[in-house]
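Below: the structure, in structure tokens.
The values are calculated or read from the model by the stated rules, or taken from the named source; none is laboratory data. Remember, it's a predicted structure, so these values are computed and weren't measured experimentally. FYI the Cβ positions are ideal-geometry reconstructions off the backbone, even for glycines, and counts take in every protein chain you see. For the accessible areas, the whole protein counts, side chains as well, though only heavy atoms, and no ligand, DNA or RNA atoms are used. Shrake-Rupley method; radii C 1.70, N 1.55, O 1.52, S 1.80 Å.
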Amino acid sequence: QERYEHARRQATYHDDRHGRFAPGLRVKDEFLQLLNAEELQFARAYVNGGHEYQFVEVPRSYRRGNYASYEEHQERSRAEVLRQVEAGWLEGPLHYVPRVVHPQAGIYLAEKDKYRPVVDASASGLNACIKPEPCKYAMVRDVVRKLKHQDWQWSFDYKDAFYLWPRKQHHCDYQGLKGPRSHPHYYRMRYLCMGTQDSPALQQAWAEL
């Protein structure tokens with residue numbers, strides 16, 4: 001048991017043969033068989049280890065503490081870390097500190113009894129290093145502009161949508177997180193990260209497929 005506990009904290013210990021963090025996979029590889037050749041140009045990243053960052057410069061090493069709003073909700077923050085580990089999105093706790101550790105803030109909506117941490121990938125400098133990707137439907141007005149007379153409109157919500165799509169393993173060291181003071185361990189997000197500049201465009205492309 002001690003050997004296993006040590007091993008499971010090694011980065012990539014739970015990766016599958018494609019280099020993806022297996023505990024969080026929710027989309028079957030067979031999905032790609034339904035796509036045409038043009039769509040596969042984008043979607044093939046799913047079975048090739050995940051999406052890589054497209055950098056305009058190499059991000060610098062960064063580490064700082066979380067924001068006060070995250071630390072004020074010690075138990076909620078800890079519970080959220082454990083929830084994401086159990087769901088298979090966070091890898092860890094790790095034996096080492098990732099290259100970039102983003103500060104997190106905490107938002108609590110009392111009327112809904114809902115708590116969500118927010119990753120600040122701008123303060124860490126990561127977002128400034130990412131090549132901007134076009135996102136056609138970033139605002140409601142972008143969608144409305146496409147509507148014509150007598151068009152029908154509908155919507156749907158993918159639960160934890162960004163976490164459907166894995167990030168290339170060697171780029172996950174730019175997605176480091178640290179738990180609250182009551183749980184001060186380091187983790188890596190292995191899927192698209194909330195707060196990183198390219199996540200909305202990648203999620204939009206998958207949603208269209």
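At a glance:
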item	result
Extension gain, K168 back to R78 (0.36 nm per residue minus Cα-Cα distance, nm)	29.8 nm
The stretch 5-49 versus the stretch 63-82: alpha-carbon centroid distance in Å	29
Pairwise FRET efficiency - K148 versus A207, Cβ, R0 = 35 Å, nearest 0.05	0.95
The chain: angle of helix 199-208 to the longest principal axis, Cα-based, in degrees nearest 10	40
Apportionment of accessible area to carbon and sulfur, the stretch 57-209, percent (1.4 Å)	53
Rounded D (µm²/s) - the stretch 26-102, Kirkwood Rh over Cα pairs, Stokes-Einstein at 37 °C, 0.692 mPa s	202
Charge dipole (debye, nearest 20) of the chain; +1 at Cβ of Lys and Arg, -1 at Cβ of Asp and Glu	300
Cα-Cα P(r), the stretch 64-131, percent of pairs per 10 Å interval	19, 45, 31, 5
Proximal lysine pairs, the chain, alpha carbons under 22 Å, eight or more residues apart or interchain	11
Beta bridge orientation in the chain: antiparallel %, DSSP, nearest 5	80
Crossing angle, helix 74-87 versus the chain [Cα axis fit, 0-90 degrees, rounded to tens]	60
Share of alpha-carbon pairs per 5 Å distance bin for the chain, given as whole %	1, 7, 13, 18, 18, 17, 12, 8, 4, 2, 1, 0, 0, 0
Charge-dipole axis of the stretch 125-181 as Lys and Arg at +1 and Asp and Glu at -1 on Cβ define it, positive-most pick from N127, W154, H171	N127
Three-way shape call for the stretch 88-209 based on the alpha-carbon gyration tensor, with the a/c threshold at 1.5	prolate
